[in-house]
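One structure below.
The values are calculated or read from the model by the stated rules, or taken from the named source; none is laboratory data. Keep in mind it's a predicted model, so treat the numbers as computed, not measured. Counting neighbours? That spans all protein chains shown, and the Cβs are built from the backbone with ideal geometry, glycine included.
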Amino acid sequence: MIFLRVAIPSPLRKLFDYLPPVKFQAREYQPGIRLLVPFGHRTLVAILVEVVSQAQVDSHKLKAVLEVIDDTPPQPTFIFDLALWSAQYYQHPIGDALLQALPIHLRKGEKCERVHEYLLHAIENPEQPLNSRAKKQQEAYLLIKQHGEGISADALKAELGSIAAIKPLLEKGLIEKKHRPHIIKSSSEPLREPGKTLNPEQLVAVEYINAQQGYQTFLLDGITGSGKTEVYLQVIEKVLREGKQALVLVPEIGLTPQTVFRFKARFNVNVVYMHSNMSDKARFQAWLQARDGDAKIIIGTRSAIFTPMAHPGIIIIDEEHDQSFKQQDGYRYSARDLSIVRGHGENIPVILGSATPSLESLQNANLKRYHYLALNRRAGNAVPPSVELLDIKACNLNAGMSEPLIEQIKIHLNDGNQVLIFLNRRGFAPSLSCHNCGWIAPCKRCDARLTLHQKPPHLHCHHCGSQKPIPRQCHECNSTELTAQGTGTERAEQALSELFPDFPIWRIDRDSTSRKNSMQEIIDKINQQQPGILLGTQMLAKGHHFAKVSLVAILEADSGLFSTDFRGMERTAQLITQVSGRAGREEILGQVIIQTHHPEHPLLQKLVHSGYRDFAVDEINNRANSDLPPFSHIAIIRAEASNAGRAEAFLQLAQQTPTIENVISFGPFPAPMEKKAGVYRSHLILQSARRPLLQQFLSQFCLQLEHHPLANKVRWSIDVDPYDMF
Ligand code: ADP
Ligand code: ZN
Ligand code: ZN
């Protein structure tokens, strides 16, 4: 007697036992295959984790599996194990974690087959005659017979308009399905165009990486524009020459057609990409090509970390500090951290690249866990920009811009260059307030103000998404004198078009790029290199290479300087450095102007006078002194409930749980924004100097939370190695 222990997409952190399907008692079951199982009143796709000889409950109570979907697991054992490991490490319900590691098609239970994988062939002397009355079948059969090398179902459909005849023909043994022979381009030369001549620093990096064997992690710390991508390309060249594959992960908004184009232009191999805007089908096909070794380079965002490779060669994480590598809701895994686990398990090198490495990665390099490689010079002829702080205390501001800044913008535009203006606030103004009494339009569902938008006119909560019309009167005193407070990108755009009517303004934020391909259209216009103004949020800050930008202006550096989050400084330093790095990427000398009310602030002083790396040294010391990551490990448990107080009561449990020595808990306390989207939120922080102890505590604590008397009245989640504390 055997039992199938399966993972099911349910919020429970446990596995479920089933009987094998009645007619398949004796077959072999490999962990990782998908099964259809009855669960309550539903039928779900489940994943087999283990075959056991003893069930957790009385076997009479068990139901049988309805259907075995896969003969063999769709992903290699290693990726399955990685997904299991990750579920455990991030304390996420196992069924959901295992399914999230698969393409959506497979999660839905569809067959794991490649489109065009099969060709149909006619059987020469069939045992059964063709039914002469079934015209459609006859037609299809003849067409298939005409195609001596076989024909795909798609091609048949194109010819006949239907493929309904295939099934009966197959059943009668008149035709057969055969695997299409894989056509792998066997071009022995992977290079389509030669690599650039490396500068000495790039050369050292490439040679150093290529000289190592097996698993190693390299931290490539290269200033903006130093040619990190060229290093990746030349390292990948070696990987391809060895017949292996490369997985390249980029931040969510970094995966632009330009990125893919750069890889395709260099290499004569099949390059596929995977991101969330693709159709499920296209993504699935890319996944299959990677798994089967046909795709040589796979470029993807976070979830691509689970993409299997038949011949794994290297993993590269570009802009490794970027927050998009950490999933921020539900299953909160970090693709960057998993890449290290994966590289180790598959025994391949991992490159983490960034101009502003995370303090975690820098500390790992300090501890010699990672090899540290630096690129200190810009590639080609470009030199780093000059950076200055502009004190705007007591300045008159026009939509957030001071007179001296406007003067500089004018000069750069008249020189025929482009200007990039960074303002991390979309909408027209961050709030609408009453001139008479000071009332500020609030979001009813959040502890937050509503942002005023003019295109189209409405009030919008950026935290919960609620929208409402702009009121005509103050809700407190009925005055009609409502005024927009502060500046968002829409307002800056309006002011700039009045100040510089002769120049185009390209606004890039979530609103201006919500239409499909609109981001690309704007970037194409920018790349035509006409003088003009790029205005945008952090979407503009990362990774882009705009050849003509000579001036970068940061309208307001101050909001990042006084964050309560322990990572606030690190994030602000990264953002300022990355935005500044967009200036002077080619021949033109770059200039950066940072407007601030706090020019004496130590972070700004450090960044301007010594740069990100010196800042990082100081900040690592600060973290060490206050025992914060990377010198300790933390997890946050977030709970939310429709009743104030209930979420907190739920988390109080922590105080009664026997703690493990050296695991400390803080809280519960209200979240920084306690009310959001109509629910009240409470946080509990757990911290330990040792990861395994924290893990041990979390696993037992999660089980207790699941069985908490309030468990069905409170939504809760756990975030291991959180990126932010909100
Ligand atoms: P990063 O990824 O470090 O920001 P990129 O790889 O985008 O930098 O390189 C910046 C620019 O320098 C690109 O236009 C790139 O083509 C160019 N470049 C990189 N390496 C070299 C080199 N060795 N010689 C000449 N130009 C180079
Ligand atoms: Zn009022
Ligand atoms: Zn809201």
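Things worth noting here:
- Odd one out for Arg34 among (1) touching a residue at least 12 places away in the same chain (Cβ under 8 Å); (2) basic (Lys, Arg); (3) surrounded by fewer than 13 Cβ atoms within 10 Å (Cβ to Cβ): (3)
- Taken across segment 703-719, residues that are without any contact (Cβ under 8 Å) to a residue 40 or more places away in the chain and over 18 Å from Leu653 (Cα atoms) do not occur at all.
- Residue check, Val231 more than 18 Å from Met309 (Cα to Cα) and more than 14 Å from the chain's Cα centre (by Cα): yes
- Long-range neighbours under 6 Å by Cβ, at least six apart or interchain, first residue assigned by TED's automatic domain parsing to the domain that holds Asp337 within segment 347-364, second in a loop (DSSP other than H, G, I, E, B) and away from ligand 1 (no atom under 16 Å from the Cβ): Asn347/Gly214; Asn347/Tyr215; Pro349/Gln216; Glu360/Pro630; Gln363/Pro630; Asn364/Tyr370
- Qualifying residue in segment 179-188 (condition: surrounded by 14 or more Cβ atoms within 10 Å (Cβ to Cβ), modelled with pLDDT under 95 and not in a loop (DSSP other than H, G, I, E, B)): no
- Here Arg342 meets each of (1) in contact with a Pro (Cβ under 8 Å, 6 or more places away or on another chain); (2) closer than 30 Å to Ile236 by Cβ; (3) surrounded by 21 or more Cβ atoms within 10 Å (Cβ to Cβ) with one exception, condition (1).
- Selection count, segment 57-100, where residues are part of a loop (DSSP other than H, G, I, E, B), within 30 Å of Lys23 (Cα to Cα) and in contact with a Leu (Cβ under 8 Å, 6 or more places away or on another chain): 7
- Boolean, Leu607 is away from ligand 1 (no atom under 16 Å from the Cβ), assigned to a helix (DSSP H, G or I) and touching a residue at least 24 places away in the same chain (Cβ under 8 Å): yes
- Unmet criterion (only one of (1) of a type in the set (Val, Ile, Thr); (2) in contact (Cβ under 8 Å) with a residue 40 or more places away in the chain; (3) under 22 Å from Ser402 (Cα atoms); (4) touching a helix residue (DSSP H, G or I) at 6+ places or on another chain (Cβ under 9 Å)) for Ile505: (2)
- Given (1) closer than 26 Å to Ala382 by Cα; (2) out of contact with any Ser or Thr (no Cβ under 8 Å at 6 or more places or on another chain), index of the condition Asp618 fails: (1)
The rows are residues; the columns are (1) buried (at least 18 other Cβ atoms within 10 Å of the Cβ); (2) closer than 30 Å to Ala547 by Cα; (3) not assigned by TED's automatic domain parsing to the domain that holds Trp506.
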site	(1), (2), (3)
Leu420	yes, yes, no
Leu423	yes, yes, no
His458	no, no, yes
His463	yes, no, yes
Cys477	no, no, yes
Arg491	yes, yes, no
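- Criterion (closer than 25 Å to Thr577 by Cα, assigned by TED's automatic domain parsing to the domain that holds Lys238 and of a type outside the set (Gly, Ala, Ser)) met by exactly one of Gln289, Gln327: Gln327
- Top-ranked residue in segment 525-543 [being modelled with pLDDT under 90 and either assigned to a helix (DSSP H, G or I) or not assigned by TED's automatic domain parsing to the domain that holds Asp502 (or both); ranked as surrounded by the most Cβ atoms within 10 Å (Cβ to Cβ)]: Leu540
- Of all residue pairs spaced 6 or more apart or on separate chains, those with beta-carbon atoms under 6 Å, a first member in segment 441-456 that is over 14 Å from Ile470 (Cβ atoms) and a second member that is among the polar types (S, T, N, Q) and outside any strand (DSSP E or B) are Arg445/Ser466.
- Checking Ile351, Ile315 one by one, the residue that is surrounded by 24 or more Cβ atoms within 10 Å (Cβ to Cβ), in a strand (DSSP E or B) and away from ligand 1 (no atom under 16 Å from the Cβ) is Ile315 and no other.
- Tabulated pairs, segment 367-386, first more than 10 Å from ligand 1 (Cβ to nearest atom), second of a type in the set (Gly, Ala, Ser), C-beta under 6 angstrom, 6+ apart or interchain: Tyr372/Ala365; Leu373/Ala205; Pro385/Ala583; Pro385/Gly584; Pro385/Gly590
- Selection within segment 672-710: residues that are within 16 Å of ligand 3 (Cβ to nearest atom) and of a type in the set (A, V, I, L, M, F, W, C). The member of this set that is nearest to Lys14 (Cα to Cα) is Val679.
- Listed by position, the strands (runs of 3 or more DSSP E) contained in segment 406-495 that have at least 2 residues being within 20 Å of Glu556 (Cβ to Cβ) are 418-422, 431-434, 451-454, 482-485.
- Matching residues in segment 1-16 - criterion: being crowded, with 17+ Cβ neighbours inside 10 Å and either among the aliphatic types (A, V, I, L, M) or touching a helix residue (DSSP H, G or I) at 6+ places or on another chain (Cβ under 8 Å) (or both): Phe3, Leu4, Val6, Ala7, Ile8, Pro9, Arg13, Leu15
- Qualifying residue in segment 558-568 (condition: under 27 Å from the mean Cα position of the chain (by Cα), farther than 26 Å from Arg507 by Cβ and not in a loop (DSSP other than H, G, I, E, B)): yes
- Qualifying residues in segment 442-496 (those that are among the small types (Gly, Ala, Ser) and over 28 Å from Leu420 (Cβ atoms)) - the one farthest from ligand 3 (Cβ to nearest atom): Ser479
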